[in-house]
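Peer 1: Handing you this structure, nothing more for now.
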Amino acid sequence: MLKAWLIENRFGVVDYMMFKEFFIGWVDKNIPEKERASILDRIDWEKWINGEGFPPKNSIKAFTSKEYDITVELADKFVQFNGAARPTNWMDFRNWYPA
């Protein structure tokens, strides 16, 4: 979903309403109808846009994956080392790009 958003908007100016509309449209096209409401109803757009901090890590479980979890774990290790060291498995991801 994010890759499609970035491709569609790579040379333009965007705002959060455009992203929200794109996201809802993407869900409508790509998620089975019986699951759509359970995804969209969990999003507190007001909190995401005007609240402080990042959106909750697992707020949209439909978009989590094994690769996501591995990536977050690696990022957390980089933060933990605070520039003093690299995680032992960092080279595993040097040429890794999610599809």
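Peer 1: What is the fewest-to-most order of Asp92, Asp15 by other Cβ atoms lying within 10 Å of their Cβ?
Peer 2: Ordered from fewest to most neighbouring Cβ atoms within 10 Å, Asp92, Asp15 come out as Asp15, Asp92.
Peer 1: Compute the Cα gyration tensor for the range 1-59, then decide on rounded, prolate or oblate, letting a ≥ b ≥ c be the square roots of its eigenvalues: rounded whenever a/c is under 1.5, prolate when a/b is larger than b/c in the other cases, and oblate in all that remain.
Peer 2: Oblate shape, in that a/c is at least 1.5 and b/c is the bigger or equal ratio.
The numbers here are math on the coordinates, done by the rules we state, and not lab data. Quick caveat, the model's predicted, so the values are computed rather than measured. As a convention, Cβ positions derive from the backbone with ideal geometry for all residues, glycine included, and neighbour counts pool all protein chains shown.
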